[in-house]
1. Within region 478-495, how many residues are in a loop (DSSP other than H, G, I, E, B) and either within 23 Å of residue 403 (Cα to Cα) or at pLDDT 75 or above (or both)?
2. Name the residue, out of 266, 252, that is surrounded by 13 or more Cβ atoms within 10 Å (Cβ to Cβ) and part of a helix (DSSP H, G or I).
3. Pairs needed: first member in region 41-59, touching a residue at least 40 places away in the same chain (Cβ under 8 Å); second member anywhere, loosely packed, with under 15 Cβ neighbours inside 10 Å and assigned to a helix (DSSP H, G or I); C-beta distance under 6 Å; at least 6 residues apart or different chains.
4. With respect to the numbered conditions (1) at pLDDT 85 or above; (2) closer than 30 Å to residue 292 by Cβ, which one is the sole condition not fulfilled by residue 155?
5. Considering only region 23-52, state which residues are outside any helix (DSSP H, G or I) and surrounded by 15 or more Cβ atoms within 10 Å (Cβ to Cβ).
6. At pLDDT below 80 and not in a helix (DSSP H, G or I) - does that describe any residue in region 369-383?
7. Checking the structure you have, find out if any residue of region 638-645 is under 25 Å from residue 335 (Cβ atoms), free of Cβ contacts under 8 Å to residues at least 40 places away in the same chain and buried (at least 16 other Cβ atoms within 10 Å of the Cβ).
8. How many residues are in contact with a strand residue (DSSP E or B) (Cβ under 8 Å, 6 or more places away or on another chain) and at pLDDT below 85 when one looks only at region 554-597?
């Protein structure tokens with residue numbers, strides 16, 4: 001039998017302290033007392049009652065087992081003699097349950113201390129005996145030992161759980177920290193990749209006199225300029241020696257203000273390793289130490305070459321827009337005046353036929369007027385204020401004839417050669433504009449070779465991607481190369497600007513290459529130019545491939561205006577009296593009867609009252625009421641048998657002209673005759689002296 005002293009009684013605070021950790025509440029110890037005699041239950045409860053102790057009573061073995069299933073106990077006091085299930089059986093059942101197998105069981109018995117009886121109790125799972133009548137001190141001491149053991153065990157268990165919780169929390173914090181570090185590392189790597197991919201280079205510099213010896217902090221500078229970072233430290237003047245001469249003084253003067261102002265923004269051109277000049281935005285600021293003394297300069301290089309190119313393109317587009325607005329504003333009236341001049345010259349040529357003195361003068365006047373008309377037309381075309389007269393062209397068939405014209409134009413001192421690849425694609429362009437563009441390039445090349453030289457023209461094919469054109473695909477490329485004086489970079493950047501020229505006053509308008517550029521852009525193509533001083537110039541025109549069948553140009557032109565009207569009636573609608581009178585006179589000379597109207601409304605009224613009109617010749621733009629386009633729609637609806645021919649000196653982009661024949665002013669009598677003949681042929685069998693079609697706008 002175990003002997004126990006009274007130390008560590010039930011009234012003592014048995015909460016063990018874990019080093020560095022204090023538990024928030026004491027452990028509540030539950031004690032199960034099982035006896036079929038209520039008096040014994042009350043007595044035991046009175047003996048064991050105390051703080052931190054909860055007594056649970058059961059009056060049978062069955063009730064005790066139910067309590068064991070519901071609670072964890074520090075000790076169980078179990079009466080041996082009970083009906084149905086005695087103490088030994090209950091103890092065995094408690095011991096067979098894993099959760100309660102280690103709960104201390106003390107048998108309460110009134111039997112003598114018989115060895116066989118005690119042995120049976122220990123075999124059933126008891127750890128001690130308390131004999132009746134119960135001595136309170138002995139019971140309290142024995143139970144106190146088990147309560148103390150339970151509390152310490154529970155405290156250790158709680159401590160273990162707390163340590164496991166802290167360990168898991170520590171693992172969670174470490175895991176979150178690791179994830180945060182990984183995310184930060186990925187962000188830094190991403191920022192580094194972004195910084196490396198941008199046209200930006202960061203640097204530091206000394207506050208001493210050699211502060212333009214730049215210490216670049218990343219490798220982007222080599223990608224941008226072609227020079228490694230160490231190249232900027234090799235000599236004090238490395239950076240300044242590669243400044244563009246036109247920018248040097250301005251930039252160096254700005255740098256003098258850096259120490260006083262603390263920050264400066266520089267913009268300059270700088271020569272890279274490959275010899276190319278790029279624009280840089282150089283932002284520098286002065287950094288101070290903790291005491292406020294200047295420590296070093298921190299700066300950033302930003303490659304703004306593409307931005308500068310976009311600015312140049314925008315400036316060029318603005319100039320084109322300005323020229324277009326200027327040309328559009330005067331084109332209508334100017335072409336009307338030219339119509340009067342050319343129309344009267346045409347009539348005058350017929351009147352003075354055979355006059356040897358007058359004919360050359362009239363012919364010279366006609367040529368001058370035609371050149372004026374041609375210039376206006378090209379201005380409108382290159383500024384995209386007038387649609388091109390496109391057709392499908394075989395460049396291979398066009399070039400030989402054009403080459404002969406170039407040779408006659410350029411003179412004997414220019415050696416012109418042509419090279420054409422096999423199976424050249426068809427293109428869809430304005431034939432007259434293409435010929436004019438190539439002749440313009442040839443004349444420019446001649447002017448660049450005052451002592452004579454070689455002009456080489458080659459025609460091939462090439463595919464372009466979206467970096468050069470809006471619609472990638474296959475293109476015909478026409479290259480024009482000369483062996484002339486070439487152009488320096490500052491001239492090369494401006495060659496396509498309207499009115500920019502390096503020729504002497506009176507020898508160039510500055511519109512030639514601008515017109516070429518405008519024509520190619522309007523044809524959805526692309527232009528490239530390579531040139532260097534004393535190394536000639538090469539201009540490449542890329543025109544998109546067309547699918548279909550090439551149109552065979554009829555080179556034969558009508559040389560006279562033999563009357564073919566046969567008394568048919570034409571209604572002339574024109575608000576300008578002089579232009580209207582020229583048109584009437586020309587139509588009379590062609591054999592037509594003519595009636596006239598000054599406005600579209602008046603023309604509509606005449607058409608309703610006159611069934612003899614075969615054709616209406618109307619201006620597009622007329623003040624008030626019906627325009628020429630409105631009149632054409634009215635005729636199509638009310639008089640479908642009447643043909644319509646519209647004339648105009650300028651077509652605004654907002655005007656829509658569909659399925660209507662159009663003749664641009666100023667026009668020759670032969671141009672008018674051809675258009676009218678073609679329209680009348682649609683409604684009657686062909687007659688003699690049919691005038692063949694040719695380009696509506698004179699080249």
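The values are calculated or read from the model by the stated rules, or taken from the named source; none is laboratory data. Keep in mind the model is a prediction, meaning the values are calculated, not measured. Please note: Cβ atoms are built from the backbone with ideal geometry, for glycine as well, and neighbour counts cover all protein chains shown.
1. Qualifying residue count, region 478-495: 7.
2. 252
3. Qualifying pairs under 6 Å: 47/136.
4. It is condition (2) that residue 155 fails.
5. 23, 27, 29, 30, 31, 32, 33, 34, 35, 36, 50, 52 - these are the residues of region 23-52 that are outside any helix (DSSP H, G or I) and surrounded by 15 or more Cβ atoms within 10 Å (Cβ to Cβ).
6. Looking for residues that are at pLDDT below 80 and not in a helix (DSSP H, G or I), one finds at least one in region 369-383, hence yes.
7. For region 638-645, residues under 25 Å from residue 335 (Cβ atoms), free of Cβ contacts under 8 Å to residues at least 40 places away in the same chain and buried (at least 16 other Cβ atoms within 10 Å of the Cβ): present.
8. Number of matching residues: 2.
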